[in-house]
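A.B. asks: Dropping a structure here in structure tokens format, bear with me for questions.
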Amino acid sequence: MKQAPFEQNIIAMVWDCDKTLISSYMQDPLFRHYGVDGAKFWKEVNALKARYAEQGISVNSDTCYLNHILTYVKAGIFKGLNNSLLREFGKELVFYPGLPDFFAGVKNLIAEDPKYKAFDIRLEHYVVSTGFAETIRGSAIAPHVDGIFGCEFIENALQPGFLDGAPAACPAAGGEITQIACALDNTSKTRYLFEINKGSNRYPDTIDVNSSIARESRRVPFENMVYIADGPSDVPAFSILNYNGGSTFAVYPKGDVKAFRQVEMLRRDGRVQMFGEADYQEASQSWLWLTEKVRSIADRIVARKQEAIRSSASTPPGHLT
């Protein structure tokens, strides 16, 4: 009899970052450090697609900002920008009320409940962002998450001939970033949902994200996932979870009527199942919905495990009458 590789006892909360965990954008500390007008930078980024189209070049509008950052580095505006500095910027990120305490708190709700502990049910947190992975790693949220997926840079690029004994890398001037190592856009975020689902993030040498794996053999079934984000840019990820029986939740800043209307439209169009204010303090609406959702997933796992035990045991012999 073939043994299932995973017990499917893991619940995963998957989080967007900007406007979901923090009220602004994680690039803001970068702009402050170098005295750059952030609004001007993003205005330039928004104009890139049209300008390059005039040259017959098609660019990804979600990730072209990464190349524009490298252009600023080469121009000397972001002189000395490296991965270490990007991580330092993480210390400046200001999280919404209740964070990062909510991350540990909701884990403990599951881990300390005897009913769930009996079946070793556990909760994991993941951040999937089109922002900088290094900045998230340097933030207050990092110790509480089980995985961070975001955009990354290379400082010392491998040079031609490095396999033949030539110098492996050309040291970047001043230890600056020189290339893009990984770029996430709003669609490619869904790849990491599948990595968590199949377990390739935990066992990269054994499982490829493109491997064919039966649903009953995957580490975290989609129905055990909750995806939390702020808006239309996360529709591809919302769609994957909704289609596969997962849970979706949108947040908006307290008092922001425009953002409220946006998430209400997402709910009305069936993109998300529920929404709430970006407030994760105990007893807030978002705290209540998310914790109850996690409990309901855990209860379903318990029921499935109990049924499996019952069905595997025969009826005990009794007295004849």
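A.B. asks: Give me the one-decimal nm value for the distance between modelled label points at residue 179 and residue 54, 7 Å along each residue's Cα-to-Cβ direction.
C.D. replies: 3.1
A.B. asks: For residue 258, give me every one of the aspartates and glutamates with a C-alpha distance below 20 angstrom, ignoring sequence neighbours fewer than eight places off in its own chain.
C.D. replies: Filter leaves 16, 18, 230, 234, 269, 277, 279.
A.B. asks: Helix 285-312 versus the longest principal axis of the chain: what is the Cα-based angle in degrees, 0 to 90, to the nearest 10?
C.D. replies: It works out to around 50 degrees.
A.B. asks: Computed FRET efficiency, Cβ-Cβ of residue 94 and residue 46, R0 25 Å: what is it to the nearest 0.05?
C.D. replies: E(calc), rounded to 0.05, equals 0.50.
A.B. asks: Taking θ = phi - 60°, what integer Hz values does the Karplus form 6.51 cos²θ - 1.76 cosθ + 1.60 yield along the range 138-143, in sequence order, with x for Gly and Pro?
C.D. replies: x, 8, 5, 7, 3, x
A.B. asks: Shifting gears a bit: Build a GNM of the chain with springs between Cα atoms under 10 Å: which of 270, 98, 255 gets the top mean-square fluctuation?
C.D. replies: Its mean-square fluctuation being the largest, the pick is 255.
A.B. asks: Please report how far the C-alpha centroid of the range 259-286 lies from that of the range 58-110, rounded to the nearest whole angstrom.
C.D. replies: Cα centres, the range 259-286 to the range 58-110: 24 Å.
A.B. asks: How much mean residue ellipticity at 222 nm does the chain get from its helices, if each DSSP H run of length 4 or more adds -39500 (n - 2.57) and you divide by all residues, to the nearest 500 deg cm²/dmol?
C.D. replies: Working: 11 runs with 120 residues, N = 321.
The helix-only estimate for the chain comes to -11500 deg cm²/dmol at 222 nm.
A.B. asks: Pull up all non-local amide H partners of residue 278: gap of 5 or more, or a different chain, and H-to-H distance under 5 Å with H placed in the peptide plane.
C.D. replies: Amide H neighbours of residue 278: 252, 254.
A.B. asks: Still on this model: At a Cα cut-off below 24 Å, give the lysines reachable from residue 107, other chains included and same-chain residues fewer than 8 away excluded.
C.D. replies: 19, 91, 115, 117, 189, 198, 293, 305
A.B. asks: Still on this structure, I have one more. Of 217, 247, 296, how do they rank once you tally other Cβ atoms within 10 Å and put the fewest first?
C.D. replies: By the 10 Å Cβ count, ascending, the order reads 296, 217, 247.
A.B. asks: Another question, then. Could you pull the Rg and Dmax for the range 97-253, using just the Cα atoms, both in Å?
C.D. replies: Considering the range 97-253 through its Cα atoms, Rg and Dmax are 18.7, 59 Å.
A.B. asks: With a 10 Å Cβ neighbour count serving as the proxy for reagent exposure, in which order, fewest first, do 291, 130 appear?
C.D. replies: 291, 130
A.B. asks: Tell me, in nm to one decimal, what length is gained between residue 256 and residue 163 on full extension, where the rule is 0.36 nm per residue of separation less the Cα-Cα distance? List each step's numbers first, then the result.
C.D. replies: Values: separation 93, 0.36 × 93 = 33.48 nm, distance 5.49 nm.
Length difference between fully extended and current span is 28.0 nm.
A.B. asks: When the chain is modelled as a GNM with alpha-carbon springs shorter than 10 Å, which of 54, 223, 152 fluctuates the most?
C.D. replies: With Cα springs under 10 Å in the chain, the top fluctuation among 54, 223, 152 is at 54.
A.B. asks: Among 96, 192, which comes first, then next, by fewest other beta-carbon atoms within 10 Å?
C.D. replies: On the way: 96 20, 192 23.
Listing 96, 192 from fewest to most nearby Cβ atoms yields 96, 192.
A.B. asks: Beyond 14 Å, what share of the Cα-Cα pairs of the range 38-111 remains, rounded to the nearest whole percent?
C.D. replies: Details: 2006 of 2701 pairs.
Of the Cα pairs, 74 percent sit more than 14 Å apart.
A.B. asks: When the chain is modelled as a GNM with alpha-carbon springs shorter than 10 Å, which of 69, 309, 141 fluctuates the most?
C.D. replies: 309
A.B. asks: Could I ask something else about it? Ignoring solvent entirely, what values of log10 I(q)/I(0) come out of the Debye formula for the range 52-163 at 0.10, 0.12, 0.14, 0.22 Å⁻¹ when each Cα is a single scatterer?
C.D. replies: Calculated log10 I(q)/I(0) at the listed q: -0.48, -0.64, -0.77, -1.24.
A.B. asks: Here is a follow-up. What's the FRET efficiency of residue 311 with residue 117 using the Cβ-Cβ distance as r and R₀ = 25 Å, to the nearest 0.05?
C.D. replies: 0.65
Computed from the coordinates by the stated procedures, all read-outs in this text should not be read as laboratory data. This structure is a prediction, so every number in the text was calculated from the model and none was measured. As a convention, Cβ positions derive from the backbone with ideal geometry for all residues, glycine included, and neighbour counts pool all protein chains shown.
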